[in-house]
Amino acid sequence: MTSDKRWLLPDGIDELLPDRAGAVEHMRRALLDECERWGFQFVIPPLVEFTDSLLVGLGADLDVLTCKFSDRLSGRTLGVRADMTPQTARIDAHSLCEEGVTRLCYAGSTLHSAPQSLMAGRSPIQLGAEIYGCADPSADLEIIDLMLALVSRAAGQDCTITLDIGHVGVYEALLAELDRATDIGEAVFDALQRKSLPDLEAAIVGLPAELAASLLALTQLHGSTDVLSKARALVADLPSAKRAIDEVEAVVSAIERAHPNVAIYIDLAELRGFQYHTGLVFAAYIDGYGAAIAKGGRYDNVGSVFGRARPATGFACDLKALTAATQLEINSRRVISAPVVFDQDLELTINHLREDGCVVIRAHNGEHDHRCNEQLIKHGTDWVCEPRA
């Protein structure tokens with residue numbers, strides 16, 4: 001049935017009107033400029049790709065989130081990107097193929113088949129940064145430092161930032177020795193990811209009692225750094241889990257020294273984001289906003305499907321959400337009204353004003369734009385800016 005309300009947009013899809021669009025674009029430029037100052041190179045991945053390259057090896061959760069359609073030229077299935085991180089992994093592994101450490105950043109529209117949370121829309125503008133080629137925790141620290149720097153720049157120095165940090169290695173170590181159908185592991189992962197204790201209890205029915213108890217205990221390992229000692233007691237016989245806890249402790253210690261004003265919350269049952277994460281996972285929260293404002297983690301070897309298994313770590317944020325939740329200061333510019341007359345001196349004056357960063361708007365039909373607080377008036381042979389009444 002065709003609706004007569006042709007202006008309606010699909011649920012979860014929005015448009016940005018001038019004020020909001022201007023704020024989002026200002027945020028995009030400011031944060032990408034900061035990434036550039038840290039040495040990150042800007043890339044623009046394509047909006048659509050063949051799904052057999054866009055989604056290969058990345059888990060069912062991203063596959064479900066991706067909108068797909070048939071390509072009329074090739075007959076193959078195309079997907080509209082739901083997450084730009086795997087695309088940058090492909091660029092690093094296949095298109096650039098550089099040796100050593102590579103730093104990439106990006107910003108662009110994405111599309112989700114359904115909202116990821118009650119506060120989320122379906123068309124985020126994703127901005128992020130990734131480091132490839134370094135397995136050392138120093139790369140994770142650099143990415144977290146950059147994420148905190150961008151959030152602080154957007155939210156202001158007085159805003160309280162909380163860093164939520166975990167490690168998927170603890171969960172993986174608990175399940176590693178089980179020989180069972182993968183759907184059980186996926187059910188456990190899904191329950192932990194959604195923080196649903198009833199679903200977790202249902203998923204672990206039939207598992208060995210000791211393992212089931214450990215998985216339930218894992219859900220309680222959140223809070224201050226005190227939980228790390230409890231976690232070590234829980235996984236005393238699992239060397240890989242102990243290494244993961246050591247890694248969390250080392251990173252937390254470094255963040256506490258570098259960012260004393262950032263509150264730290266540890267959650268070892270946090271399986272944030274998509275199933276391609278392999279190590280540390282982290283997120284930034286700010287006061288007054290109920291969801292993560294930025295999040296990321298380590299995702300080693302995603303590029304292996306493109307011929308290069310590279311260590312990788314990165315983060316991303318939704319520019320729309322970040323702009324709505326923060327108050328990045330926009331430098332006010334002079335907005336000047338200019339008459340529509342042919343005058344060479346007027347044209348030179350307008351060009352000089354625009355080169356100096358002023359906004360000059362023509363007054364067609366003699367009507368001044370409502371944003372103009374000044375106007376060009378001719379005095380003798382000179383064009384002069386005067387306040388508008």
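The values are calculated or read from the model by the stated rules, or taken from the named source; none is laboratory data. For clarity, every value in this text was computed on a predicted model and none was experimentally measured. For neighbour counting, all protein chains shown are included, and Cβ atoms are generated from backbone atoms with ideal geometry for every residue, glycine included.
For segment 276-289, which residues satisfy the criterion of being out of contact with any Phe, Trp or Tyr (no Cβ under 7 Å at 6 or more places or on another chain), closer than 29 Å to GLN87 by Cβ and part of a loop (DSSP other than H, G, I, E, B)?
Listed by number, the residues that qualify are GLY279, TYR289.
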Going through segment 215-237 in order, the residues found to be assigned to a helix (DSSP H, G or I) and among the aliphatic types (A, V, I, L, M) are LEU215, LEU216, ALA217, LEU218, VAL227, LEU228, ALA231, ALA233, LEU234
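THR313: outside any loop (DSSP other than H, G, I, E, B) and either farther than 30 Å from ASP145 by Cβ or at pLDDT below 95 (or both), yes or no? Break it down into steps so the answer makes sense when it comes.
Values: outside any loop (DSSP other than H, G, I, E, B): yes; either farther than 30 Å from ASP145 by Cβ or at pLDDT below 95 (or both): no.
No: the conditions fail for THR313.
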Could you look through segment 239-255, keep only residues that are farther than 21 Å from ASP300 by Cα and either within 23 Å of the chain's Cα centre (by Cα) or hydrophobic (A, V, I, L, M, F, W, C) (or both), and pick out the one that is surrounded by the fewest Cβ atoms within 10 Å (Cβ to Cβ)? ALA254
Which pairs have Cβ atoms under 7 Å, sit 6 or more apart or on different chains, and link a residue in segment 354-374 that is in a loop (DSSP other than H, G, I, E, B) to one that is of a type in the set (Gly, Ala, Ser) and modelled with pLDDT of 95 or more? HIS368/SER337; ASP369/SER337; CYS372/SER337
Residue check, VAL80 against (1) at pLDDT 95 or above; (2) aliphatic (A, V, I, L, M); (3) closer than 22 Å to TRP38 by Cα, all met but one. Which one? (3)
Apart from one, (1) over 18 Å from the mean Cα position of the chain (by Cα); (2) surrounded by 13 or more Cβ atoms within 10 Å (Cβ to Cβ); (3) of a type in the set (Lys, Arg) all hold for ARG37; the odd one out is (2)
Test for ASP158: is it within 24 Å of TYR289 (Cα to Cα), surrounded by fewer than 16 Cβ atoms within 10 Å (Cβ to Cβ) and either at pLDDT 95 or above or touching a Ser or Thr at 6+ places or on another chain (Cβ under 6 Å) (or both): no
Considering only residues of segment 12-25 that are among the charged types (D, E, K, R) and surrounded by 10 or more Cβ atoms within 10 Å (Cβ to Cβ), which is modelled with the highest pLDDT? GLU25
By residue number, the members of segment 331-353 that are touching a residue at least 40 places away in the same chain (Cβ under 8 Å) and not hydrophobic (A, V, I, L, M, F, W, C) are ARG334, SER337, ASP343
Residue that is nearest to ILE264 (Cα to Cα) [pool: residues in segment 227-251 that are modelled with pLDDT of 90 or more and of a type in the set (Asp, Glu)]: GLU249
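Please determine, by comparing only the residues of segment 365-389 that are more than 42 Å from the chain's Cα centre (by Cα) and more than 18 Å from THR349 (Cβ to Cβ), which one is surrounded by the most Cβ atoms within 10 Å (Cβ to Cβ). Let's see the steps before the verdict.
Taking segment 365-389 and keeping what is more than 42 Å from the chain's Cα centre (by Cα), we get 365-367, 376-389.
From what is left, the residues that are more than 18 Å from THR349 (Cβ to Cβ) are 365-367, 389.
Values: ASN365: 5, GLY366: 7, GLU367: 9, ALA389: 4.
Restricting to residues being more than 42 Å from the chain's Cα centre (by Cα) and more than 18 Å from THR349 (Cβ to Cβ), the top hit is GLU367.
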Only residues that are at pLDDT 95 or above, charged (D, E, K, R) and either more than 14 Å from VAL384 (Cα to Cα) or in the same structural domain as ARG29 (by TED's automatic domain parsing) (or both): list them for segment 331-355, please. ARG354, GLU355
Does ALA149 qualify as being part of a helix (DSSP H, G or I), in the same structural domain as VAL251 (by TED's automatic domain parsing), touching a residue at least 24 places away in the same chain (Cβ under 8 Å) and out of contact with any strand residue (DSSP E or B) (no Cβ under 7 Å at 6 or more places or on another chain)? no
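Results for (1) touching a strand residue (DSSP E or B) at 6+ places or on another chain (Cβ under 8 Å); (2) not β-branched (Val, Ile, Thr), shown as yes or no for each residue.
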| position | (1), (2) |
| --- | --- |
| GLY156 | no, yes |
| CYS159 | yes, yes |
| VAL168 | yes, no |
| GLN193 | no, yes |
| ALA202 | no, yes |
| VAL227 | yes, no |
Give just the number: which of (1) in the same structural domain as MET27 (by TED's automatic domain parsing); (2) surrounded by 14 or more Cβ atoms within 10 Å (Cβ to Cβ) does CYS358 not satisfy? (1)
From the list SER240, SER253, which residue is free of Cβ contacts under 8 Å to residues at least 40 places away in the same chain and in a helix (DSSP H, G or I)? SER253
Subset of segment 294-344 [among the small types (Gly, Ala, Ser) and more than 29 Å from SER123 (Cβ to Cβ)]: SER304, GLY307, ALA309, SER332, SER337, ALA338
Going by the structure shown, is THR349 touching a helix residue (DSSP H, G or I) at 6+ places or on another chain (Cβ under 6 Å) and crowded, with 20+ Cβ neighbours inside 10 Å? no
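For segment 198-214, check the following and say yes or no: at least one residue is assigned to a helix (DSSP H, G or I) and in contact (Cβ under 8 Å) with a residue 40 or more places away in the chain. Outline the logic, then answer.
Going through segment 198-214, the residues assigned to a helix (DSSP H, G or I) turn out to be 198-203, 209-214.
Adding the requirement that they be in contact (Cβ under 8 Å) with a residue 40 or more places away in the chain leaves 214.
Among the residues of segment 198-214, at least one is assigned to a helix (DSSP H, G or I) and in contact (Cβ under 8 Å) with a residue 40 or more places away in the chain, which makes the answer yes.
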